[in-house]
Amino acid sequence: MNSSDKPSIMVHSEKSMNKTLFDVKWVPCSARFVVLGNYPRQTGSLQVCEMTSSGEINVVSEVEKKDPFKCGTFGASSLKQRNFATGDFAGNLRIWDLEKTALPLYSTTAHTEIINSIDGVGGLGVGEGPRELVTGSRDGSVKVWDPRQKDDPVACMKPKEGETKRDCWSVAFGHAHNQMDRCVAAGYDNGDIKLFDLKNMSLRWDTNVKNGVCFVEFDRKDINMNKLVATVLESKIHVFDMRTQHPKKGFAKMTEKAHDSTVWAAKHLPQNRDIFMTLGGNGSAYLWKYQYPANRVAKDSDEIEMGVAGTLNLLENTTLSKQPINALDWSPDKEGLAVCTAFDQCVRVLIVTKLARV
């Protein structure tokens with residue numbers, strides 16, 4: 001790649017929020033984003049911020065709730081309503097109208113312990129089928145929720161009696177390419193990655209990557225499974241080719257070492273599923289592009305098809321903070337615009353240039 005075509009990652013604006021920050025999400029079809037966290041007194045903070053015409057970050061509204069917020073998603077909302085679903089430290093799943101936050105539109109005690117991760121599908125015009133949410137918790141369970149059905153999940157994946165429960169750190173929807181098919185990937189503190197088939201209500205595949213799985217994400221939710229990225233504690237990124245599943249070997253995988261620290265998350269660019277950014281515990285951000293192999297399918301000695309993994313090309317990297325970067329969200333509307341949070345209590349708006357040239 002010519003140096004003139006190389007992307008660059010720039011901090012457009014930065015604001016100290018003076019509180020611990022856990023997650024951030026763009027409000028669809030707007031210049032606003034939601035920042036979740038907690039105050040020093042261990043209460044929850046939900047802030048709506050916007051980009052001003054001068055490029056500054058302005059807090060539009062702020063609400064304090066009893067329990068600290070851990071994660072949030074717009075993924076199960078319509079573009080018109082743009083309701084925001086949250087998971088908190090007390091295990092509550094709630095859905096909010098951001099214009100009226102006195103009381104939630106929906107509330108249920110989803111888990112007995114903290115909800116570490118949440119994802120949504122079927123909303124925002126992304127994914128076929130009903131609008132659903134999935135939550136993963138320290139209590140070891142992964143639950144799928146239909147917001148029209150209160151209190152009882154439509155699916156619950158938890159350890160069997162006698163099995164050791166593992167802390168679920170991340171969940172993600174995928175394979176929602178028609179009205180019937182849908183999968184959930186879940187990553188756990190012991191390195192387990194599990195793929196649940198919601199159509200057949202079964203465990204389709206599982207593996208172990210030896211280190212705690214901080215984050216999992218499909219490159220797209222609304223297509224036949226293509227790639228799954230998993231990031232872990234010990235400086236590694238795993239990319240699975242999800243198109244071909246071998247009956248014994250499972251899905252093909254490639255592994256890249258990066259950041260020299262915990263890799264907190266990986267977020268795919270909405271406008272190009274082969275580009276994603278990873279976030280490091282050393283305050284760094286790495287921009288990657290996945291390169292497919294010449295042939296994605298090969299045959300083993302028994303003539304059974306198996307997948308072939310590709311490679312990762314590092315496009316750019318930069319250091320944003322002296323503290324871990326723990327969350328990032330790309331703007332679904334403007335290519336290259338992103339917002340991230342860090343343990344230094346700052347929120348940063350990023351601009352990544354020249355993405356169309358890679």
Notebook entry, point to check: Where in region 189-268 are the strands (runs of 3 or more DSSP E), entirely inside, with at least 2 residues that are under 21 Å from residue 282 (Cβ atoms)?
Noted result: 213-218, 227-232, 236-246, 250-257
Notebook entry, point to check: Of all residues in region 154-166, which are at pLDDT 95 or above and either within 10 Å of residue 142 (Cα to Cα) or in a strand (DSSP E or B) (or both)?
Noted result: 155, 156, 157
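Given the structure, is residue 344 within 27 Å of residue 189 (Cα to Cα), of a type in the set (Asp, Glu) and in contact with a strand residue (DSSP E or B) (Cβ under 7 Å, 6 or more places away or on another chain)?
Values: within 27 Å of residue 189 (Cα to Cα): yes; of a type in the set (Asp, Glu): yes; in contact with a strand residue (DSSP E or B) (Cβ under 7 Å, 6 or more places away or on another chain): no.
Taking the combined requirement at face value, the residue does not satisfy it.
Can you report the number of residues in region 77-96 which are more than 13 Å from residue 109 (Cβ to Cβ) and modelled with pLDDT of 95 or more? Steps first, please.
Let us first name the residues in region 77-96 that are more than 13 Å from residue 109 (Cβ to Cβ), namely 77-86, 95-96.
If we keep only those that are modelled with pLDDT of 95 or more as well, we get 83-86, 95-96.
Within region 77-96, residues that are more than 13 Å from residue 109 (Cβ to Cβ) and modelled with pLDDT of 95 or more number 6.
Scan region 30-45 and tell me whether some residue there is of a type in the set (Phe, Trp, Tyr), modelled with pLDDT of 95 or more and either open to solvent by 40 Å² or more (accessible area, probe 1.4 Å) or in a strand (DSSP E or B) (or both). Steps first, answer last, please.
Pass one, region 30-45, residues of a type in the set (Phe, Trp, Tyr): 33, 39.
Narrowing further to those that are modelled with pLDDT of 95 or more: 33, 39.
Next cut, either open to solvent by 40 Å² or more (accessible area, probe 1.4 Å) or in a strand (DSSP E or B) (or both) only: 33.
Among the residues of region 30-45, at least one is of a type in the set (Phe, Trp, Tyr), modelled with pLDDT of 95 or more and either open to solvent by 40 Å² or more (accessible area, probe 1.4 Å) or in a strand (DSSP E or B) (or both), which makes the answer yes.
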Next item on the list: Within region 166-216, track down each residue that is under 18 Å from the mean Cα position of the chain (by Cα), basic (Lys, Arg) and open to solvent by 20 Å² or more (accessible area, probe 1.4 Å).
Entry: 194
Checklist line | Of all residues in region 101-131 being among the charged types (D, E, K, R) and modelled with pLDDT of 95 or more, the one that is nearest to residue 189 (Cα to Cα) | finding: 113
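Mind checking which residues of region 295-336 are of a type in the set (A, V, I, L, M, F, W, C), part of a strand (DSSP E or B) and in contact (Cβ under 8 Å) with a residue 60 or more places away in the chain?
At the first step, the residues of region 295-336 found to be of a type in the set (A, V, I, L, M, F, W, C) are 297-298, 304, 306, 308-309, 312, 314-315, 320, 325, 327-328, 330.
Among the residues that remain, those that are also part of a strand (DSSP E or B) are: 297-298, 306, 312, 314-315, 325, 327-328, 330.
Result: 306, 312, 315, 325, 327, 328, 330.
Criterion first (of a type in the set (Lys, Arg), surrounded by fewer than 21 Cβ atoms within 10 Å (Cβ to Cβ) and free of Cβ contacts under 8 Å to residues at least 12 places away in the same chain) does residue 66 satisfy it? Before the answer, list the steps.
On the way: of a type in the set (Lys, Arg): yes; surrounded by fewer than 21 Cβ atoms within 10 Å (Cβ to Cβ): yes; free of Cβ contacts under 8 Å to residues at least 12 places away in the same chain: no.
Considered against the rule, which asks whether it is of a type in the set (Lys, Arg), surrounded by fewer than 21 Cβ atoms within 10 Å (Cβ to Cβ) and free of Cβ contacts under 8 Å to residues at least 12 places away in the same chain, residue 66 comes out as no.
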Check: In region 340-358, what residues are closer than 17 Å to residue 323 by Cβ and not in a strand (DSSP E or B)?
Finding: 343, 344, 345
Notebook entry, point to check: Failed condition for residue 228, given (1) of a type outside the set (Gly, Ala, Ser); (2) on the phi > 0 side of the Ramachandran plot; (3) modelled with pLDDT of 95 or more, with all others met?
Noted result: (2)
Next item on the list: Read through the list (1) surrounded by 23 or more Cβ atoms within 10 Å (Cβ to Cβ); (2) out of contact with any Cys (no Cβ under 6 Å at 6 or more places or on another chain), then give the number of the only condition that residue 118 fails.
Entry: (2)
Notebook entry, point to check: Just a yes or no: is a residue in region 290-306 closer than 19 Å to residue 217 by Cβ and open to solvent by 30 Å² or more (accessible area, probe 1.4 Å)?
Noted result: yes
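Given 140, 75, which one is assigned to a loop (DSSP other than H, G, I, E, B), at positive phi, open to solvent by less than 20 Å² (accessible area, probe 1.4 Å) and touching a strand residue (DSSP E or B) at 6+ places or on another chain (Cβ under 9 Å)?
Numbers: 75 fails: at positive phi.
Checking each option against the conditions leaves just 140.
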Note to self: Looking only at region 4-18, how many residues end up being surrounded by fewer than 16 Cβ atoms within 10 Å (Cβ to Cβ) and not in a strand (DSSP E or B)?
What the structure shows: 5
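The values are calculated or read from the model by the stated rules, or taken from the named source; none is laboratory data. Please read these numbers as outputs of a predicted model, since none were measured by experiment. Every residue, glycine as well, gets a Cβ built from its backbone with ideal geometry; the counts of neighbours run over all protein chains shown. The area values use the complete protein model at the heavy-atom level, side chains included, leaving out ligands, DNA and RNA. Shrake-Rupley method; radii C 1.70, N 1.55, O 1.52, S 1.80 Å.
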